[in-house]
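K.L.:
First the structure, then my questions, so here it is.
The values are calculated or read from the model by the stated rules, or taken from the named source; none is laboratory data. Computed from a predicted model, the values in this text were never measured in an experiment. Every residue, glycine as well, gets a Cβ built from its backbone with ideal geometry; the counts of neighbours run over all protein chains shown. We work out accessible area using only protein heavy atoms, side chains counted, and drop any ligands, DNA or RNA first. Shrake-Rupley method; radii C 1.70, N 1.55, O 1.52, S 1.80 Å.
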Amino acid sequence: MAEARRLYPDFDVTRSWALPDMPVLPGDEALDSYLCRVGFTTTPLEYTRRAYANAAGDDMRYISAQVAREEWADTSAGIGDFRILDGYDALLQDLARGLPIRLNTPVERLEWGVGGARAYTANEVFEADRAVITLPLGVLQAGSVRFVPELPPDKLTAINGLRMGPAIKLVYQFDQPVLPPGILALYSAGAPPMWWSPSFGQDTSKTVVTAFATGSYARDLLALGEAGALDAALDTLRGELKRRDLQPIQAHLANWVDDPYSRGGYSVVPPGQIGARAMLAQPVDNRLFWAGEATAKNAWGATVHGAYASGQRAAREIISTF
Ligand SMILES: Cc1cc2nc3c(=O)[nH]c(=O)nc-3n(C[C@H](O)[C@H](O)[C@H](O)COP(=O)(O)OP(=O)(O)OC[C@H]3O[C@@H](n4cnc5c(N)ncnc54)[C@H](O)[C@@H]3O)c2cc1C
């Protein structure tokens with residue numbers, strides 16, 4: 001941090017502690033318009049775009065300034081980022097212990113009403129008194145799971161009021177160290193803007209370098225096709241490291257936008273939609289309950305801890321109906 005501050009005088013200006021206490025416009029506004037009113041010039045705006053908006057899931061014009069400010073002020077999940085050393089699998093294994101989890105069983109239709117809830121897959125029907133819907137927002141928006149009867153209007157308003165941010169990762173494996181010693185991550189002014197090495201601190205002769213892109217960064221790269229996106233992103237890395245000779249031994253594009261079971265990265269609250277996540281979280285007729293990152297409180301949306309807490313909230317709601 002200290003090094004980043006020394007090298008980039010604009011570094012701190014994107015952090016909440018550097019923002020003046022100026023409220024957003026009544027009814028909310030887009031993050032870029034708010035930051036312009038606060039006094040951001042081109043350089044800090046560009047920095048915010050690659051360092052904050054990219055991680056938040058979409059372009060600044062699609063991000064609610066009110067929600068961004070809430071998120072910056074919220075420290076209830078702890079300060080900073082945490083990494084599960086054994087990988088996220090470890091968390092899921094623990095949560096799933098003893099439960100009859102069925103993988104590769106897509107639900108095609110969900111019937112619900114006074115008699116209970118029935119989830120139809122290609123060959124089976126699962127019946128229960130109540131259902132907890134944890135489908136990704138992108139899947140709900142695409143309508144690929146049919147609700148019978150149709151969901152009530154306020155639920156559809158919430159689903160369509162949010163955005164599913166487009167997210168991709170580009171992963172390269174090199175047979176040599178690539179990032180300068182001691183450097184774990186870098187932000188580029190090009191696309192993709194965010195790079196890091198999961199090999200950092202690992203005892204391996206090979207180096208994996210990952211790039212993460214959302215919003216226009218992701219849309220523009222995807223428009224080049226898989227090979228084109230991988231080439232264009234590699235070119236950005238070569239430029240940043242000033243190593244035109246850099247050649248990976250393997251490259252992979254992880255594309256959540258075109259994955260039918262996610263249809264994007266995670267939810268984004270657009271300007272004026274600050275109540276949409278809470279509305280999405282509301283149970284329907286004490287029959288359908290809602291969990292998943294898009295139903296978390298705004299400051300925790302789009303995160304694993306938000307998804308986790310939303311499941312606990314849905315469980316409490318169901319218990320309170322007994
Ligand atoms: C690239 C990327 C990086 C991220 N990095 C971080 C991070 O560093 N920290 C953090 O906290 N969060 C991060 N997130 C966000 C985090 O992963 C999500 O918020 C979280 O996984 C959401 O959990 P969920 O249960 O709501 O949804 P999901 O994990 O998406 O689970 C929904 C499940 O529904 C399944 N499904 C879809 N359609 C059907 C169907 N028809 N029938 C049955 N099942 C279906 C899907 O296969 C999926 O398993 C990241 C997300 C992405 C995409």
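K.L.:
Return the sequence-ordered ³J(HN,Hα) values of the stretch 235-244 in whole Hz as given by the Karplus equation 6.51 cos²θ - 1.76 cosθ + 1.60 applied to θ = phi - 60°, using x for Gly and Pro.
P.N.:
These are the phi-based 3J(HN,Hα) values: 4, 4, 5, 4, x, 4, 8, 6, 9, 5 Hz.
K.L.:
Which angle between 0 and 90 degrees, to the nearest 10, do you get for helix 304-320 versus the longest principal axis of the chain when only C-alpha atoms count?
P.N.:
Value to nearest ten degrees: 10.
K.L.:
Could you pull the Rg and Dmax for the chain, using just the Cα atoms, both in Å?
P.N.:
21.4, 65
K.L.:
How high is the relative contact order of the stretch 193-303, given as a whole-number percent (alpha carbon pairs under 8 Å, six or more residues apart)?
P.N.:
The normalised contact order for the stretch 193-303 reaches 13 percent.
K.L.:
Here's a follow-up. Which value, to two decimals, describes the C-alpha radius of gyration of the stretch 171-322 once divided by 2.2 N^0.38 Å?
P.N.:
1.35
K.L.:
So what J values fall out for the stretch 126-131 if you push phi through Karplus, 6.51 cos²θ - 1.76 cosθ + 1.60 with θ = phi - 60°, rounded to Hz, Gly and Pro as x?
P.N.:
Those phi angles translate into 10, 10, 7, 5, 9, 10 Hz.
K.L.:
Dividing the alpha-carbon radius of gyration of the stretch 14-64 by 2.2 N^0.38 Å (N being the number of residues), what value is obtained?
P.N.:
Ratio of Rg to 2.2 N^0.38 Å for the stretch 14-64: 1.05.
K.L.:
Anyone know which of PRO153, PRO23, PRO100 comes out most mobile in the 10 Å Cα GNM of the chain?
P.N.:
Maximum among the listed residues: PRO100.
K.L.:
Placing +1 at every Lys and Arg Cβ and -1 at every Asp and Glu Cβ, with all other atoms neutral, what dipole size does the chain have around its Cα centre, in debye to the nearest 20?
P.N.:
120
K.L.:
How would SER64, SER205 rank on accessible area, largest to smallest, probe 1.4 Å?
P.N.:
These residues rank, largest area first, as SER205, SER64.
K.L.:
LEU25 to VAL38: extension gain in nm, 0.36 nm per residue of separation minus the Cα-Cα distance?
P.N.:
3.5 nm
K.L.:
Rounded to the nearest 10 Å², what accessible area does ASP258 have for a 1.4 Å probe in the complete protein model?
P.N.:
Roll a 1.4 Å probe over it and ASP258 shows about 110 Å².
K.L.:
Among VAL304, VAL139, what's the order by accessible area (1.4 angstrom probe), most exposed first?
P.N.:
The ranking, largest first, comes out as VAL304, VAL139.
K.L.:
Loop-only chymotrypsin sites (Phe, Trp or Tyr not before Pro) in the stretch 73-141, please: DSSP not H, G, I, E or B, and at most 14 other Cβ atoms within 10 Å.
P.N.:
Answer by residue number: PHE82.
K.L.:
Provide the solvent-accessible area of THR75, counting protein heavy atoms only and rolling a 1.4 Å probe, rounded to the nearest 10 Å².
P.N.:
Using a 1.4 Å probe on the heavy atoms, I get roughly 80 Å².
K.L.:
Okay, moving on. Across the stretch 85-100, in residue order, what do the Karplus-derived ³J(HN,Hα) couplings come to in whole Hz, using 6.51 cos²θ - 1.76 cosθ + 1.60 with θ = phi - 60° and x for Gly and Pro?
P.N.:
3J(HN,Hα) across the stretch 85-100, in whole Hz: 4, 8, x, 4, 3, 4, 5, 5, 4, 5, 5, 8, 4, x, 9, x.
K.L.:
Please list, or write none, the aspartates and glutamates whose alpha carbon is within less than 17 Å of the alpha carbon of LYS169, excluding same-chain residues fewer than 8 places away.
P.N.:
ASP58, ASP59, ASP220, GLU226, ASP231, ASP235, ASP258, ASP259
K.L.:
Sticking with this structure for a sec: How compact is the stretch 119-168 by the rule of thumb for globular proteins, expressed as Cα Rg over 2.2 N^0.38 Å?
P.N.:
Taking the Cα Rg and dividing by 2.2 N^0.38 Å, one obtains 1.30.
K.L.:
For the chain, the longest stretch holding no GluC sites (Glu not before Pro) located in a DSSP loop with at most 15 other Cβ atoms within 10 Å is which?
P.N.:
151-322
K.L.:
Then there's this: Gaussian network model of the chain, Cα springs within a sub-10 Å range: biggest mean-square fluctuation belongs to which of LEU162, LEU288, LEU95?
P.N.:
With Cα springs under 10 Å in the chain, the top fluctuation among LEU162, LEU288, LEU95 is at LEU95.
K.L.:
Further question: Principal axis lengths of the stretch 75-149 from Cα atoms, whole Å, largest first?
P.N.:
So the three principal-axis extents are 44, 29, 22 Å.
K.L.:
In the stretch 54-127, which trypsin sites (Lys or Arg not before Pro) fall in coil by DSSP and have 10 or fewer other Cβ atoms within 10 Å?
P.N.:
Listed in order of number, the matching sites are ARG83, ARG97, ARG102.
K.L.:
A further question on this structure: Place +1 on the Cβ of every Lys and Arg and -1 on the Cβ of every Asp and Glu in the chain, take the dipole about the Cα centre, and give the residue among ALA131, PHE322, VAL114 whose Cα lies farthest towards its positive end.
P.N.:
PHE322
K.L.:
With a ≥ b ≥ c the root eigenvalues of the C-alpha gyration tensor of the stretch 78-219, is it rounded (a/c under 1.5), prolate (a/b larger than b/c) or oblate?
P.N.:
Prolate, since a/c reaches 1.5 and a/b exceeds b/c.
K.L.:
In debye, nearest 20: dipole of the stretch 187-322 around its Cα centre with unit charges on the Cβ of K, R (+) and D, E (-)?
P.N.:
Taking the Cα centre of the stretch 187-322 as origin, the dipole is about 340 debye.
K.L.:
Starting from the Cα of LYS155, draw a straight line to each of the lysines and keep only those under 20 Å, dropping any in the same chain fewer than 8 residues away.
P.N.:
LYS297
K.L.:
Would you mind computing the Rg to Rh ratio of the stretch 167-255 from its alpha-carbon coordinates, Kirkwood style for Rh?
P.N.:
Here the Rg-to-Rh quotient is 0.94.
K.L.:
Using the basic label-point model (7 angstrom from Cα toward the beta carbon), what is the GLU70 to GLN312 distance in nanometres?
P.N.:
Output for this residue pair reads 1.9 nm.
K.L.:
Leaving ligands, DNA and RNA out of it, rank SER144, SER216 by accessible area with a 1.4 Å probe, largest first.
P.N.:
Sorted descending by solvent-accessible area, the residues read SER144, SER216.
K.L.:
Separate question: Which value, in Å² rounded to 10, gives the accessible area of TRP195 with a 1.4 Å probe and all protein chains present?
P.N.:
0
K.L.:
Go through the stretch 196-303 and name the trypsin sites (Lys or Arg not before Pro) that are in a DSSP coil and have 15 or fewer other Cβ atoms within 10 Å of their Cβ.
P.N.:
Loop-located and lightly packed - LYS206, LYS242, ARG243, ARG244.
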